Amino acid sequence: MKEQIRIFFTALMFYSRIPCPKWVDHSEEYLNKATRFFPLIGWIVGAFSLFFLCMFLLIDEVAVGIVFSMIASVWITGAFHEDGFADVCDGFGGGWTKAKILEIMKDSRVGAYGLIGMVLLLLLKFLLLYRLLENQSSWLLIAAIIISGHSLSRFIAATMIFTHDYAREDAKSKVKPVSKNVSWVELTFAAFFGLLPLALFQDYKILLVVVPMYISKWLLGRYYQKWIEGYTGDCLGATQQVTEVVFYLSLVVLWKFI
């Protein structure tokens, strides 16, 4: 149990800004094991975002609530995944070789591709959430949408660690802390925490959203493999952001046609 607590706090330290005990260190061994709790961090981020959303829903300000919930998720994670998405946009948009793509992605500056990509991504996320929540009266479904979006997208991102190789081993490079291997045990734990919030929907058809999310991850994985022969921490962040948006889009389509 003590080891599991340490693994959880390792995940919390790496994937959020929430203060952790001083005895939690930057052990690569525990970071690899911490992948099992990556979707559980999504529960925390989702619940934090949900709190701000609900405050404004109580006064019937859906749009304002969505914006504040997005700000809350960015703040509590330190824009960890959004930064990864921007770096991927810059790297793959401006680089034409593996070396150049990796060099651009480790640059702390944000370029035109990254800026445009982030604006469009956040705008799409806002519009999809607004479409899902504008006439939603069930607090349970609202919680299900927000928490599942964060947890399930993190699980899908975690599967990339299991199916692909890490693309960069240069310890001197500016890279995000990232797990480089995942066992079946870690993946099973991650699947449990990632899929469990879907039970809040109380509808088995909701499992269909996993299909487009995984297809999106598979397509991204092929693209990463083609250009840089694997993934980086930025790639995982981008995958989480993209599949979160795909989750909301899938819900819109699912509720409209099924």
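The values are calculated or read from the model by the stated rules, or taken from the named source; none is laboratory data. Just so it is clear, the structure is predicted and the values come from calculations on it, not from any experiment. Cβ sites come from the backbone with ideal geometry, for glycine too, and all protein chains shown count toward neighbours.
Numerical summary
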{"read-out": "Test: residue 64 is touching a helix residue (DSSP H, G or I) at 6+ places or on another chain (Cβ under 7 Å), outside any helix (DSSP H, G or I) and over 25 Å from residue 113 (Cα atoms)", "value": "no"}
{"read-out": "Matching residues in the range 211-221 - criterion: being buried (at least 18 other Cβ atoms within 10 Å of the Cβ) and either among the aliphatic types (A, V, I, L, M) or closer than 19 Å to residue 248 by Cβ (or both)", "value": "213, 216, 217, 220"}
{"read-out": "Pairs where the first residue, in the range 5-33, is closer than 22 Å to residue 71 by Cα and the second is of a type in the set (Ser, Thr, Tyr) and surrounded by fewer than 19 Cβ atoms within 10 Å (Cβ to Cβ), C-beta under 6 Å, 6+ apart", "value": "none"}
{"read-out": "Top-ranked residue in the range 222-247 [being assigned to a helix (DSSP H, G or I) and more than 15 Å from the chain's Cα centre (by Cα); ranked as surrounded by the fewest Cβ atoms within 10 Å (Cβ to Cβ)]", "value": "226"}
{"read-out": "Residue that is surrounded by the fewest Cβ atoms within 10 Å (Cβ to Cβ), among those in the range 193-210 that are without any contact (Cβ under 8 Å) to a residue 24 or more places away in the chain and part of a helix (DSSP H, G or I)", "value": "204"}
{"read-out": "Some residue of the range 116-124 being surrounded by fewer than 18 Cβ atoms within 10 Å (Cβ to Cβ), touching a residue at least 60 places away in the same chain (Cβ under 8 Å) and more than 30 Å from residue 31 (Cβ to Cβ)", "value": "yes"}
{"read-out": "Residue 95 under 22 Å from residue 233 (Cβ atoms) and within 17 Å of the chain's Cα centre (by Cα)", "value": "no"}
{"read-out": "Counted residues, the range 11-59 - those being among the polar types (S, T, N, Q) and touching an Asp or Glu at 6+ places or on another chain (Cβ under 8 Å)", "value": "2"}
{"read-out": "Residue check, residue 73 assigned to a helix (DSSP H, G or I), polar (S, T, N, Q) and farther than 14 Å from residue 143 by Cα", "value": "yes"}
{"read-out": "The range 219-258, residues that are closer than 24 Å to residue 182 by Cβ and either among the basic types (Lys, Arg) or out of contact with any helix residue (DSSP H, G or I) (no Cβ under 9 Å at 6 or more places or on another chain) (or both)", "value": "219, 222, 225, 226"}
{"read-out": "Residue 154 vs. criteria surrounded by fewer than 21 Cβ atoms within 10 Å (Cβ to Cβ), among the basic types (Lys, Arg) and at pLDDT 95 or above", "value": "no"}
{"read-out": "Residue match in the range 29-47 (condition: within 24 Å of residue 144 (Cα to Cα) and outside any helix (DSSP H, G or I))", "value": "no"}
{"read-out": "Any hit, the range 44-58, residues being touching a Leu at 6+ places or on another chain (Cβ under 7 Å), closer than 15 Å to residue 11 by Cβ and crowded, with 18+ Cβ neighbours inside 10 Å", "value": "no"}
